[in-house]
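Got a structure here, written out as C-alpha cells. Questions coming.
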Amino acid sequence: MAIRKIREIGDDILRKKSKPVKENSKKIQDLIEDMLDTMYEANGVGLAAPQVGILKRIVVMDVGDGPIVMINPEILEVSGEQTGDEGCLSVPGKSGVVTRPDYVKAKALDADFNEYIIEGEELLARCICHETDHLDGILYVDKVDGNLREATFEGEE
C-alpha cells in the first residue's frame, strides 16, 4: 500500500483523543495496511492511527509473532510491573525509562471487525499500553522517569 508520514512530537494531533471506529470500510482497511507498511518501514513494533495523522482508535503492532490489529482497543485488566527503556516513532532518536504493567488483558476488534481478547506480557504488554495511550493523546514522554536520552537500542516502538 503506502508509507504514511509519521507525525512527531510537537504536532498537535498527537495530543488529541481519537474517535471510535463505527464501521468497517475500504478506507479503514487501506489505513490498516498503510499503518502496517509504515510501521515496518520505520522498524517499529507498534503504531497508532494518530501517529499518521488520523484520529481513529486503531493500533497495529508486531513484537515478533506477526502483525496484530486492534480496532477500538479497551484494556480490561493489568497486573505486575516492569520498568525499562521505551522509544516511539513519534519521538525519533530518543528513549526513556518507563514503568508499565507486566501483564495486560484487552479486547478489540480485528481487521475483519471480529471482537477478540488479547493477553500479553513483557514487550507485548508494554506495546499495548504504549499504543492505546496514543489513542488518548498520551505520549510515553509523559511517563518517563528522569530525562529522555539518545536512543541506544534497535527498533523503537
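Determine, yes or no, whether Gly87 is in a strand (DSSP E or B), in contact with a Ser or Thr (Cβ under 7 Å, 6 or more places away or on another chain) and buried (at least 19 other Cβ atoms within 10 Å of the Cβ).
So Gly87 fits the description; yes.
In addition: Working carefully through the options Val59, Val78, find the one that is out of contact with any Leu (no Cβ under 8 Å at 6 or more places or on another chain) and either among the charged types (D, E, K, R) or in a strand (DSSP E or B) (or both). Walk me through how you get there before you give the answer.
Working: Val59 fails: out of contact with any Leu (no Cβ under 8 Å at 6 or more places or on another chain).
Sole residue among the options that is out of contact with any Leu (no Cβ under 8 Å at 6 or more places or on another chain) and either among the charged types (D, E, K, R) or in a strand (DSSP E or B) (or both): Val78.
Mind telling me which of the residues Thr83, Thr38 ends up being touching a strand residue (DSSP E or B) at 6+ places or on another chain (Cβ under 8 Å) and under 26 Å from Pro101 (Cβ atoms)?
Working: Thr38 fails: under 26 Å from Pro101 (Cβ atoms).
Result: Thr83 is the single residue among Thr83, Thr38 that is touching a strand residue (DSSP E or B) at 6+ places or on another chain (Cβ under 8 Å) and under 26 Å from Pro101 (Cβ atoms).
Give the residues of segment 8-45 that are under 14 Å from Leu135 (Cβ atoms) and either among the charged types (D, E, K, R) or in contact with a His (Cβ under 6 Å, 6 or more places away or on another chain) (or both), sorted by residue number.
Arg15, Lys16, Lys17, Lys19
Just checking, how many residues over segment 100-157 are out of contact with any strand residue (DSSP E or B) (no Cβ under 8 Å at 6 or more places or on another chain) and at pLDDT 95 or above?
Total satisfying the criteria: 8.
Could I ask something else about it? With Leu76, Leu36 as the choices, which residue is under 15 Å from the mean Cα position of the chain (by Cα) and of a type in the set (A, V, I, L, M)?
Only one candidate qualifies: Leu36.
Taking the condition assigned to a strand (DSSP E or B) and at positive phi, does Gly93 pass?
Answer is yes for this residue.
Please work out which residue is surrounded by the fewest Cβ atoms within 10 Å (Cβ to Cβ), limiting yourself to segment 114-135 and to residues that are of a type in the set (Val, Ile, Thr) and assigned to a strand (DSSP E or B).
Ile117
Failed condition for Lys107, given (1) touching a Leu at 6+ places or on another chain (Cβ under 7 Å); (2) in a strand (DSSP E or B); (3) surrounded by 19 or more Cβ atoms within 10 Å (Cβ to Cβ), with all others met?
Exception for Lys107: condition (3).
Here are some conditions: (1) within 12 Å of His134 (Cβ to Cβ); (2) touching a residue at least 60 places away in the same chain (Cβ under 8 Å); (3) outside any helix (DSSP H, G or I). Ile54 meets all but one. Which one does it not meet?
Status for Ile54: all satisfied but (2).
The values are calculated or read from the model by the stated rules, or taken from the named source; none is laboratory data. Keep in mind it's a predicted model, so treat the numbers as computed, not measured. No Cβ is skipped: glycine too gets one built from the backbone with ideal geometry, and neighbour counts run over all protein chains shown.
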